[in-house]
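Student: The structure follows.
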Amino acid sequence: MAYVITESCIKCKYTDCVDVCPVDCFREGPNFLVIDPDECIDCTLCVAECPVEAIFPEDEVPETQNHFIQLNAELAKNPKWKPITIKKDAPADADHWATIKEKLHLLDRQDA
C-alpha cells in the first residue's frame, strides 16, 4: 500500500516530506507533489512532516479525495514530473493557499 498526496498540497507544495523519504518516491510538478505508488514503501515518515495534513495511506484517503489515488499514480509517471529528494522553500503564498479548500481546478498538471 502506498501513501497518497491529496488536494491540500495544491499551491502549497511544502517539501518537508521529501527530506524524510528513504526511497525518494516523491515527484514534483509546478504546484503540487505526488507519491509514486510503485516506489513508496509505506514507511509513514512523510505523514508527520506535512504541515497541511495532505498525505494519507491509500486505504484512508477521505472519500471526497479518492480520485487523488489515481492522480498520484498518473502524474508520478509523467516524464515532466521529476523526483524531488531535497527540501525546497515553499512558494511565497503557501500559507495563504494552505487555508483554501477545493483547489483541484488550480492543479497544473504540466501534461506532456
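The values are calculated or read from the model by the stated rules, or taken from the named source; none is laboratory data. Just so it is clear, the structure is predicted and the values come from calculations on it, not from any experiment. Cβ coordinates were reconstructed from backbone atoms using ideal geometry, including for glycine residues, and neighbour counts include every protein chain displayed.
Student: Would you mind telling me which numbered condition in (1) within 14 Å of ILE10 (Cα to Cα); (2) over 12 Å from the mean Cα position of the chain (by Cα) CYS50 fails?
Tutor: Condition (2) is where CYS50 drops out.
Student: I've got another one for you. Go through region 99-112 and count every residue that is of a type in the set (A, V, I, L, M, F, W, C) and either over 13 Å from PHE32 (Cβ atoms) or free of Cβ contacts under 8 Å to residues at least 40 places away in the same chain (or both).
Tutor: Counting residues in region 99-112 that are of a type in the set (A, V, I, L, M, F, W, C) and either over 13 Å from PHE32 (Cβ atoms) or free of Cβ contacts under 8 Å to residues at least 40 places away in the same chain (or both) gives 2.
Yes/no per residue for (1) closer than 20 Å to ASP24 by Cβ; (2) modelled with pLDDT of 95 or more; (3) within 13 Å of the chain's Cα centre (by Cα):
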position: CYS46; (1), (2), (3): yes, yes, yes
position: GLU58; (1), (2), (3): yes, yes, yes
position: ALA76; (1), (2), (3): yes, yes, yes
position: ALA92; (1), (2), (3): no, yes, no
position: TRP97; (1), (2), (3): no, yes, no
position: LEU104; (1), (2), (3): no, yes, yes
position: GLN110; (1), (2), (3): yes, no, no
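Student: While we're looking at this one, here's another question. Restricting to region 73-105, name every residue that is in contact with a helix residue (DSSP H, G or I) (Cβ under 9 Å, 6 or more places away or on another chain) and of a type in the set (S, T, N, Q).
Tutor: Within region 73-105, THR85 is the sole residue that qualifies.
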